[in-house]
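The values are calculated or read from the model by the stated rules, or taken from the named source; none is laboratory data. Model, not experiment: these values are computed from the prediction. Using ideal geometry, Cβ is built from the backbone for each residue, glycine included, and neighbour counts are taken over all protein chains shown. The area values use the complete protein model at the heavy-atom level, side chains included, leaving out ligands, DNA and RNA. Shrake-Rupley method; radii C 1.70, N 1.55, O 1.52, S 1.80 Å.
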Amino acid sequence: QVQVVESGGGLVQPGGSLRLSCAASGIGFSSYTMGWFRQAPGKQREVVARMTSSGSTNYADSVKGRFNISRDNAKNTVYLQMNSLKPEDTAVYYCHAASVLSSYWGQGTQVTVSS
């Protein structure tokens, strides 16, 4: 059974930092492209950052220089370090695992940036 579980969301003040974690089980984690997406109220889900199995990364322009994606294949976990957070980063953040043949989503974790 495949499980993708995010953690680490919460309430943070503007300019603060959070680290999200996503633990995946039941898949060949090291061979998957892992990604973080987010969805704000009334908006479409958008990609935030991705990391391929070979370690290549890409980021949304809105988070470049502030967010960093990393993975620990030994722990089947992907991380999203978020710095210099802005109110517009407020959203539900979803973890996504993708291979050529399959795709899995986590349940999401709420990130709220507010003073």
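Go through the stretch 41-74 residue by residue and tally those that are β-branched (Val, Ile, Thr) and in contact with a helix residue (DSSP H, G or I) (Cβ under 7 Å, 6 or more places away or on another chain).
1
Could you pull out the residue among Gly55, Gly108 that is closer than 18 Å to Thr33 by Cβ and not acidic (Asp, Glu)?
Gly55
Among residues belonging to the stretch 1-14 that are of a type outside the set (S, T, N, Q) and open to solvent by 40 Å² or more (accessible area, probe 1.4 Å), point out the one that is farthest from Leu80 (Cα to Cα). I'd like the intermediate steps shown before the answer.
Step one: list which residues in the stretch 1-14 are of a type outside the set (S, T, N, Q), which gives 2, 4-6, 8-12, 14.
Checking which are open to solvent by 40 Å² or more (accessible area, probe 1.4 Å) leaves us with 2, 5, 11, 14.
Numbers: Val2: 21, Val5: 13, Leu11: 16, Pro14: 17 Å.
Of everything passing the filter in the stretch 1-14, Val2 is farthest from Leu80 (Cα to Cα).
When the residues of the stretch 88-104 are narrowed to those that are within 23 Å of Thr52 (Cβ to Cβ) and in a loop (DSSP other than H, G, I, E, B), which ends up most open to solvent (accessible area, probe 1.4 Å)? Give the derivation first.
Narrowing the stretch 88-104 to residues within 23 Å of Thr52 (Cβ to Cβ): 93-104.
In the following step, the residues that additionally are in a loop (DSSP other than H, G, I, E, B) were identified as 99-102.
On the way: Ser99: 44, Val100: 144, Leu101: 166, Ser102: 28 Å².
Looking at the filtered set, the residue picked out is Leu101.
Per-residue answers, yes or no, for (1) closer than 16 Å to Val2 by Cβ; (2) in contact with a Pro (Cβ under 7 Å, 6 or more places away or on another chain); (3) in contact (Cβ under 8 Å) with a residue 24 or more places away in the chain:
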| residue | (1), (2), (3) |
| --- | --- |
| Ser31 | yes, no, yes |
| Met34 | yes, no, yes |
| Gly65 | no, no, no |
| Asn73 | no, no, yes |
| Ala98 | yes, no, yes |
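For residues that are touching a residue at least 24 places away in the same chain (Cβ under 8 Å) and within 26 Å of Val100 (Cβ to Cβ), tally how many sit in the stretch 1-14.
The number of residues fulfilling the criteria is 5.
Residue-wise test of (1) under 18 Å from Ser102 (Cα atoms); (2) among the polar types (S, T, N, Q); (3) open to solvent by 60 Å² or more (accessible area, probe 1.4 Å).
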site	(1), (2), (3)
Gly16	no, no, no
Ser30	yes, yes, yes
Phe37	yes, no, no
Arg45	no, no, yes
Thr52	yes, yes, no
Ser56	no, yes, yes
Gly65	no, no, yes
Ala74	no, no, yes
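Quick one: in the stretch 105-115, of everything that is part of a strand (DSSP E or B) and under 13 Å from the mean Cα position of the chain (by Cα), which residue is nearest to Ser21 (Cα to Cα)? Let's see the steps before the verdict.
So in the stretch 105-115, the residues part of a strand (DSSP E or B) come out as 105, 109-113.
Now restrict to residues that are under 13 Å from the mean Cα position of the chain (by Cα): 105, 109-111.
Values: Trp105: 14, Thr109: 10, Gln110: 12, Val111: 13 Å.
So, considering only residues that are part of a strand (DSSP E or B) and under 13 Å from the mean Cα position of the chain (by Cα), the one nearest to Ser21 (Cα to Cα) is Thr109.
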